[in-house]
Amino acid sequence: MSISREPARPPVASADAALQSPTPLALLAGFARKTLAIAEVEVRKLRHDPTEVLTRALQPAIWLLIFGQVISRGHVVETGDVRYLDFLVPGILAQSVLFIAIFNGISIIWERDLGIVHKFLASPTPRAALVLGKALGGGVRALIQGVVVVVLALILDVHVRWEPAALFGVAVLIFLGAAVFSTFSLIIACLVKTRERFMGIGQVLTMPLFFASNAIYPTSMMPGWLQVISHLNPLTYEVDGLRGLLLRGNLPPAVGLGVDLAVLGGVLLLLVIISARLYPNIVR
């Protein structure tokens, strides 16, 4: 008596496994998509409150219209063949980026109180994408502020380079600087966890970061110990790159655009890794 047998099926386990494991390119595309989605949420906040752009524009206007004009007339800062007002514009541009980005981390405290952070943490979105998306959103805010500063420079007849390549480099540096300080702000928010402590620490940090940089005077004027701190300050490299891209004429010795970009990029990578590990701490 013959026994009927089912035809043998070809092995499909390996094929299914291949279909289930995404390629590195697909993983990278998914990471970028999730990062841009978080950044879009951050930019949408600015669209709902456009008055923030106007209020943020007052500070650089005061620095350029009052401080810059007075110091230029006094000739108390040696800037070579470059007018002090021209020398000051990249520093005030970097200062505006710093002041916007350093308080960007308070948004995660608000989101925690509203329960949004819990939903993000429960989603499959990588922590690094959450952090980097917020950093990119801070970069868009800083770009808008950069446009305001450049318009003020144009009104004050500052000799700015208007070549497309130079302006593109300025935009890249603004994005990088804003991302660095936004991520640093996020780390502070994850550590202190309250709005009151965060605002206090943010206000304490902004002035030392600003004055311990080359934003309003060359590093050659600083005492030796302050020069060491300035070389450890990411804001110094942002100002140096902006100054080299924006201004014409002979400038004080600069570090170099390649070094500026490498330092800012390296600091950003390190801060993203740290903040991604600390991100869940905000709800603990």
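The values are calculated or read from the model by the stated rules, or taken from the named source; none is laboratory data. Computed from a predicted model, the values in this text were never measured in an experiment. Cβ coordinates were reconstructed from backbone atoms using ideal geometry, including for glycine residues, and neighbour counts include every protein chain displayed.
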Restricting to the stretch 58-114, give me the number of residues that are farther than 25 Å from residue 141 by Cβ and in a helix (DSSP H, G or I).
10
Right, residue 99: at pLDDT 70 or above, of a type in the set (Phe, Trp, Tyr) and over 22 Å from residue 238 (Cα atoms) or not?
no
So, of the residues in the stretch 141-157 that are surrounded by 21 or more Cβ atoms within 10 Å (Cβ to Cβ) and over 16 Å from the mean Cα position of the chain (by Cα), which turns out to be farthest from residue 103 (Cα to Cα)?
153
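Name the one entry in 130, 114, 143 that is touching a residue at least 40 places away in the same chain (Cβ under 8 Å) and over 30 Å from residue 78 (Cβ atoms).
Sole residue among the options that is touching a residue at least 40 places away in the same chain (Cβ under 8 Å) and over 30 Å from residue 78 (Cβ atoms): 130.
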Would you mention how many residues in the stretch 193-244 are surrounded by 15 or more Cβ atoms within 10 Å (Cβ to Cβ), outside any helix (DSSP H, G or I) and β-branched (Val, Ile, Thr)?
1
For residue 255, only one of the following conditions fails: (1) surrounded by fewer than 16 Cβ atoms within 10 Å (Cβ to Cβ); (2) farther than 20 Å from residue 179 by Cα. What is its number?
(1)
Could we say that residue 54 is at pLDDT below 85 and closer than 18 Å to residue 155 by Cα here?
yes
Pairing a residue in the stretch 22-33 that is within 15 Å of residue 128 (Cβ to Cβ) with any residue that is assigned to a helix (DSSP H, G or I), where Cβ atoms lie under 8 Å and the two sit 6 or more apart in sequence or on different chains, gives 31/128; 31/129
Given (1) crowded, with 20+ Cβ neighbours inside 10 Å; (2) more than 28 Å from residue 31 (Cα to Cα), index of the condition residue 138 fails:
(2)
The one condition in (1) within 20 Å of residue 274 (Cβ to Cβ); (2) touching a residue at least 60 places away in the same chain (Cβ under 8 Å) that residue 197 fails to fulfil
(2)
Pull out all pairs, ordered by first then second residue, where Cβ-Cβ is under 7 Å, the residues are six or more apart or on different chains, the first lies in the stretch 59-74 and is among the small types (Gly, Ala, Ser), and the second is outside any helix (DSSP H, G or I).
72/83
It is to be established whether one or more residues within the stretch 73-87 are of a type in the set (D, E, K, R) and surrounded by 13 or more Cβ atoms within 10 Å (Cβ to Cβ).
yes
Selected residue (only one of 174, 144 is assigned to a helix (DSSP H, G or I), modelled with pLDDT of 85 or more and within 30 Å of residue 274 (Cβ to Cβ)):
174
